[in-house]
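Working notes for the structure below.
The values are calculated or read from the model by the stated rules, or taken from the named source; none is laboratory data. As the structure is a computational prediction, the values presented were derived from the model and not from experiment. Here the Cβ positions follow ideal geometry from the backbone for every residue, glycine too, while neighbour counts run over all protein chains shown.
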Amino acid sequence: MTVVNRRRFLQGTGAAGLGLAFSGLISACASTSSALTTTKAASTGEFSAANIDWKKFAGTSLTFAASANPWVTAIQSQIPTFQKLTGINLSIQVLGEDEFVTKLPLTLTAGSKSPEVFMVNQAGQAVGARWVASIDTFLNDASLTDLSWYDPDDFFSSARSFAVTGGTQWLMPISAEVQVLYARSDLVKSAPKTFSDLTRAAAAAQSAGKNVAGLGMRASADPSETPWPFGGFVFSYGGFFIDSSGKPAFDSPAAIAAMESYTNLLKQYGPKGVTSWGWLQNQQAMEQGEIAMWADSTSFASTLLDPTQARYAKQTVVYPFPAQNGVSVPNVWFWTVGINNKADIQQQQAAWLFVQWATSKPTYAAIAASTGTAPRASAWSTSGISSKLGPSVTSTIHDALFSAQSQQMALAWNDPKWSQIATYVAEAVNSVVAGSSSAAAAAKSLQSNALSVTA
Amino acid sequence: MTNPETLDTLVTGGGPGITPAPAGDAGVQRRRRTARRRDPQRRARRLFLAPLTVVLAVVTIVPFLVALGLSLTNANPLNHSTKFVGLGNYGSLVEDGSFRSAVLITIIFTVVAVAVELGLGIAVAVALNSLRRGGSVLRTLLLIPMAAAPIAVMYDWQLMLNALSGVINYVLSLVGLPQPDWLGSNSFALPALIAIDVWEWTPFIMVIIVGGLSAIPQEIYEAAKVDGAAGLQQFMRITLPLLKPYIMVAVLFRSIDALKTFDSIQVLTSGGPGTSTTTVNYYAFREAINNLEFGRGTAAAICLLIIAIVLSKLLISRLRQQRVTRAG
């Protein structure tokens, strides 16, 4: 049992106080460092090379609804460039992720024409409820898009396919995250290659470290927290959340084995109180060196590796996600944006100009240094991300994104009922880690609940 | 603070100037009703109240009717046509084990929290009332938990209850006591939420009871003292009986609020671990807002309203019984 001493309490209170200050402002997959980084502005000349009439909708006003996120913070710094280029008046409404995912569906359900552009948290919900217009319509309109300049193929294939439903692209990716393993190099000397290695490394680190838990991961009952990292275990074990026929698959042998692996690791080597931990608590613990390893998103890399923000930054390394039977399928996440299907056609077309500009090569080249990630391959060959994360970490993350498979997560994320199913997933994992259910029983109950929702 | 009789009148809906006619005198009652209808002051009172009545109707009755209508449909943005399902949503809630569990957790939370708040509130109010100096300053300080912004307070509690680095477990470790996982354990999560509710809302009950205590004439205590009544006897035979109307009002208001508790659950436990802190209100929020099942969510909210109405009726009828007993 981890002992709370005065030093750890003071450290924890200081870190937690920082977390309290930022907790209402940052999203579930965001780093705390992006707001402090200066971005260089992309010049309008880089956009003039495109065969696009950027001034076509000059004088139009648009609203962009966004969840607080490093990409949003970086884009806000580029808005003067956009407004000078297009003459479009753009206002950005930013909310914390909890508020954003609650408020936006209600606004769109009411049939509002505004916001014209918005970030999308649940693709299945947005597409199923017909909130978004087809991106293919705009991509294939030569009067609005210069395909050779925009180069959609520059996006990672996993990013593009993430937002394709029924053969139609409904959304554009704006950020790219993949699941990796953060570790304290003083306690974990080499990368755990398999889940068995991970278990051994967690046990060894917990024994060697003083008041250090072997491994932290999300385990709270919040549907926006726990299902994501749990997904990497399920997919690597060969399972699915929702299979290719659209049926829940939580009671497959692979999914049950993944549930046992994930929950046993936390029960044996997780920090005290992990059942109420989301990404924020794990990040704080990793910054303070209270956990030896943390399997989560690359979006936290910039904070964990920053000595001004993390006490153990110099000892923190980034390893690839482990494999099961030679198969490693770390989970992926791409924040996306969609265009309001209820807006007037002219507003939709003006919104597409914003999306095209915001997700273009010059814009990512300008903001990559502050976001530390990009869904475009070309952004990774510029110096921006490498200057922020270092060459080694940049290479690890780039390779992980380049080889990532998004199909498994996309099958779930594009299901219209995923938000309900995610609630059951979070409850199931949480109940097993809390000791009120076995993994097999929780998986079976989860399958039953998921089937009742999708029936 | 008003005296108990006026308080009774306010709570039971009567108005000033309305004197019930003696039972059996039908002709007198008829003449009085006619006189009231022709009373220009009564008409003026109605006219003055009309704008407020309209506003209240728009912001409370209309939304309620809309919610009631929604609860009878399968409204969901993913359903491109909304269909009337009658009591289907209510039926599915009754069959849903997690909803039944939410009802039980709601009742446990409300009963335990309000009972503890009542006991503590009365004790603190009596203690404050007996202070010769500093009572008003202390009273103001004791109101701080109730006055602070709830969400900010809940984030503070989240830090303090952190099993690894929270101040509460740190203090417990100093004295060698066990340091439980307050928010992540099935055994401690609901009691922790109850304790936080007690900390936050005991001042509310204290304020009502302090008002009630100030309305009790001191002559009664002096007379009791002359008769040889000790402190505890005075409390049990004088203070408590005279405080009963105030206690009923405090319990009524607090119970309705406790039934609707949301912020502490949302911030601290998200209804977990598992569903051990999911109340009906949180269940309704999850269904309607997270899952966009508007029909089911509003049906759950209507069920909560029914529970609140039944509770209110019980307490108000007890209050009326108290008034009849005193009048007799």
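Quick one: count up the residues across region B:269-297 that are within 10 Å of another protein chain (Cβ to nearest Cβ) and either among the acidic types (Asp, Glu) or part of a loop (DSSP other than H, G, I, E, B) (or both).
Residues in region B:269-297 being within 10 Å of another protein chain (Cβ to nearest Cβ) and either among the acidic types (Asp, Glu) or part of a loop (DSSP other than H, G, I, E, B) (or both): 13 in total.
In this structure, is A:ILE385 free of Cβ contacts under 8 Å to residues at least 12 places away in the same chain, over 30 Å from A:ALA221 (Cβ atoms) and either of a type outside the set (Phe, Trp, Tyr) or not assigned by TED's automatic domain parsing to the domain that holds A:SER185 (or both)?
Working: free of Cβ contacts under 8 Å to residues at least 12 places away in the same chain: no; over 30 Å from A:ALA221 (Cβ atoms): yes; either of a type outside the set (Phe, Trp, Tyr) or not assigned by TED's automatic domain parsing to the domain that holds A:SER185 (or both): yes.
Answer is no for this residue.
Listed residues A:ALA255, A:ALA205, A:ALA201, A:ALA219; which is crowded, with 23+ Cβ neighbours inside 10 Å, closer than 25 Å to B:ASN169 by Cβ and away from chain B (no Cβ under 14 Å)?
After ruling out the rest, the residue left standing is A:ALA205.
So which residues in region A:375-403 are hydrophobic (A, V, I, L, M, F, W, C) and closer than 21 Å to A:GLN356 by Cα, if there are any at all? Break it down into steps so the answer makes sense when it comes.
First pass over region A:375-403, keeping only residues hydrophobic (A, V, I, L, M, F, W, C): A:377, A:379-380, A:385, A:389, A:393, A:397, A:400-402.
A:ALA377, A:ALA379, A:TRP380, listed by residue number.
Of all residues being in contact with a Pro (Cβ under 7 Å, 6 or more places away or on another chain) and among the hydrophobic types (A, V, I, L, M, F, W, C) in region A:289-315, which is nearest to the other protein chains (Cβ to nearest Cβ)? Just the residue, please.
Taking the candidates together, the pick is A:ILE291.
Of the numbered conditions (1) more than 21 Å from the chain's Cα centre (by Cα); (2) without any contact (Cβ under 8 Å) to a residue 40 or more places away in the chain, A:ASN341 satisfies every one except a single condition; which is it?
Checking A:ASN341 against (1) more than 21 Å from the chain's Cα centre (by Cα); (2) without any contact (Cβ under 8 Å) to a residue 40 or more places away in the chain, the one that fails is (2).
For region B:64-89, which positions are assigned to a helix (DSSP H, G or I) and either surrounded by 15 or more Cβ atoms within 10 Å (Cβ to Cβ) or away from chain A (no Cβ under 14 Å) (or both)? Working first, answer last.
Here is the first cut: in region B:64-89, the residues assigned to a helix (DSSP H, G or I) are B:64-70, B:88-89.
Once the filter is applied, which keeps residues that are assigned to a helix (DSSP H, G or I) and either surrounded by 15 or more Cβ atoms within 10 Å (Cβ to Cβ) or away from chain A (no Cβ under 14 Å) (or both), region B:64-89 yields B:PHE64, B:LEU65, B:ALA67, B:LEU68, B:GLY69, B:LEU70, B:GLY88, B:ASN89.
Of the numbered conditions (1) away from chain B (no Cβ under 14 Å); (2) surrounded by 21 or more Cβ atoms within 10 Å (Cβ to Cβ), A:MET286 satisfies every one except a single condition; which is it?
Only one criterion in (1) away from chain B (no Cβ under 14 Å); (2) surrounded by 21 or more Cβ atoms within 10 Å (Cβ to Cβ) is unmet by A:MET286, namely (1).
In this structure, is A:VAL127 within 14 Å of another protein chain (Cβ to nearest Cβ), hydrophobic (A, V, I, L, M, F, W, C) and not in a loop (DSSP other than H, G, I, E, B)? Don't jump to the end; show me each part of the working.
Values: within 14 Å of another protein chain (Cβ to nearest Cβ): yes; hydrophobic (A, V, I, L, M, F, W, C): yes; not in a loop (DSSP other than H, G, I, E, B): yes.
Considered against the rule, which asks whether it is within 14 Å of another protein chain (Cβ to nearest Cβ), hydrophobic (A, V, I, L, M, F, W, C) and not in a loop (DSSP other than H, G, I, E, B), A:VAL127 comes out as yes.
Given the conditions (1) assigned to a helix (DSSP H, G or I); (2) over 21 Å from B:LEU259 (Cα atoms), which single one is not true for B:LEU104?
Unmet for B:LEU104, out of (1) assigned to a helix (DSSP H, G or I); (2) over 21 Å from B:LEU259 (Cα atoms): (2).
For region B:159-170, name all the residues that are buried (at least 24 other Cβ atoms within 10 Å of the Cβ) and either more than 8 Å from every other protein chain (Cβ to nearest Cβ) or assigned to a loop (DSSP other than H, G, I, E, B) (or both).
Keep residues of region B:159-170 that are buried (at least 24 other Cβ atoms within 10 Å of the Cβ), which gives B:161-166, B:169.
Within region B:159-170, B:LEU161, B:ASN162, B:ALA163, B:LEU164, B:SER165, B:GLY166 meet the criteria.
Determine the pairs where a residue that is touching a residue at least 60 places away in the same chain (Cβ under 8 Å), located within region B:204-217, has a partner that is outside any helix (DSSP H, G or I) with Cβ atoms under 6 Å apart, the partner being 6 or more residues away or on another chain.
Here the result reads B:GLY211/B:MET1; B:ALA215/B:MET1; B:ALA215/B:ASN3, each pair linking region B:204-217 to a residue that is outside any helix (DSSP H, G or I).
Answer yes or no: is there a residue in region A:69-76 that is of a type in the set (A, V, I, L, M, F, W, C), within 24 Å of A:ALA368 (Cβ to Cβ), away from every other protein chain (no Cβ under 11 Å) and in contact with a Leu (Cβ under 8 Å, 6 or more places away or on another chain).
Restricting attention to region A:69-76, the residues satisfying the condition of being of a type in the set (A, V, I, L, M, F, W, C) are A:71-72, A:74-75.
Cutting the leftovers down to within 24 Å of A:ALA368 (Cβ to Cβ) gives us A:71-72, A:74-75.
Subset that is away from every other protein chain (no Cβ under 11 Å): A:71-72, A:74-75.
When the remaining residues are screened for being in contact with a Leu (Cβ under 8 Å, 6 or more places away or on another chain), the result is none.
Checked against the condition, which is being of a type in the set (A, V, I, L, M, F, W, C), within 24 Å of A:ALA368 (Cβ to Cβ), away from every other protein chain (no Cβ under 11 Å) and in contact with a Leu (Cβ under 8 Å, 6 or more places away or on another chain), region A:69-76 yields no hits at all.
Failed condition for A:ALA204, given (1) in contact (Cβ under 8 Å) with a residue 60 or more places away in the chain; (2) in a helix (DSSP H, G or I); (3) closer than 25 Å to A:ALA310 by Cβ, with all others met?
(1) is the only condition that A:ALA204 fails.
May I ask you to list the residues in region B:95-107 that are surrounded by fewer than 16 Cβ atoms within 10 Å (Cβ to Cβ), at pLDDT 95 or above and not hydrophobic (A, V, I, L, M, F, W, C)?
Matches in region B:95-107: B:ARG100 only.
Quick one: is B:ILE151 within 14 Å of another protein chain (Cβ to nearest Cβ), among the hydrophobic types (A, V, I, L, M, F, W, C), touching a residue at least 12 places away in the same chain (Cβ under 8 Å) and part of a helix (DSSP H, G or I)?
Numbers: within 14 Å of another protein chain (Cβ to nearest Cβ): yes; among the hydrophobic types (A, V, I, L, M, F, W, C): yes; touching a residue at least 12 places away in the same chain (Cβ under 8 Å): yes; part of a helix (DSSP H, G or I): yes.
Considered against the rule, which asks whether it is within 14 Å of another protein chain (Cβ to nearest Cβ), among the hydrophobic types (A, V, I, L, M, F, W, C), touching a residue at least 12 places away in the same chain (Cβ under 8 Å) and part of a helix (DSSP H, G or I), B:ILE151 comes out as yes.
Tell me, which residue of region A:86-111 that is closer than 17 Å to B:ALA75 by Cβ and either in contact with a Leu (Cβ under 6 Å, 6 or more places away or on another chain) or surrounded by 14 or more Cβ atoms within 10 Å (Cβ to Cβ) (or both) is farthest from the other protein chains (Cβ to nearest Cβ)? Steps first, answer last, please.
Of the residues in region A:86-111, the ones closer than 17 Å to B:ALA75 by Cβ are A:105-111.
Okay, now just the ones that are also either in contact with a Leu (Cβ under 6 Å, 6 or more places away or on another chain) or surrounded by 14 or more Cβ atoms within 10 Å (Cβ to Cβ) (or both), so A:105-109.
Numbers: A:PRO105: 6, A:LEU106: 7, A:THR107: 11, A:LEU108: 8, A:THR109: 5 Å.
Checked region A:86-111; the qualifying residue farthest from the other protein chains (Cβ to nearest Cβ) is A:THR107.
What number goes with the only condition from (1) under 22 Å from A:SER276 (Cα atoms); (2) at pLDDT 90 or above; (3) of a type outside the set (D, E, K, R) that B:LEU164 does not pass?
Checking B:LEU164 against (1) under 22 Å from A:SER276 (Cα atoms); (2) at pLDDT 90 or above; (3) of a type outside the set (D, E, K, R), the one that fails is (2).
Could you please find all residues in region B:248-265 being buried (at least 18 other Cβ atoms within 10 Å of the Cβ) and within 22 Å of A:GLY278 (Cα to Cα)?
Result: B:SER264, B:ILE265.
Which pairs have Cβ atoms under 8 Å, sit 6 or more apart or on different chains, and link a residue in region B:250-277 that is without any contact (Cβ under 8 Å) to a residue 12 or more places away in the chain to one that is assigned to a helix (DSSP H, G or I)?
Correct list of pairs: B:SER270/A:ALA426.
Can you pull out the residues in region A:170-198 that are part of a strand (DSSP E or B), buried (at least 22 other Cβ atoms within 10 Å of the Cβ) and of a type in the set (S, T, N, Q)?
Within region A:170-198, just A:GLN179 meets the criteria.
Among the numbered criteria (1) at positive phi; (2) modelled with pLDDT of 95 or more; (3) small (Gly, Ala, Ser), which one does B:SER71 miss?
The failed condition is (1).
Can you name the residue in region A:49-67 that is closer than 16 Å to A:ILE79 by Cα and among the aliphatic types (A, V, I, L, M) and is also surrounded by the fewest Cβ atoms within 10 Å (Cβ to Cβ) among such residues?
By that ranking, first place goes to A:ALA58.
For A:ALA310, all conditions in the list (1) free of Cβ contacts under 8 Å to residues at least 40 places away in the same chain; (2) under 28 Å from A:VAL188 (Cα atoms); (3) assigned to a helix (DSSP H, G or I) hold save one; what is the number of the exception?
Failing condition for A:ALA310: (3).
Kindly indicate which of B:SER92, B:SER173 is surrounded by fewer than 20 Cβ atoms within 10 Å (Cβ to Cβ), within 13 Å of another protein chain (Cβ to nearest Cβ), part of a helix (DSSP H, G or I) and in contact (Cβ under 8 Å) with a residue 24 or more places away in the chain.
Working: B:SER173 fails: in contact (Cβ under 8 Å) with a residue 24 or more places away in the chain.
Criteria check complete, one pass: B:SER92.
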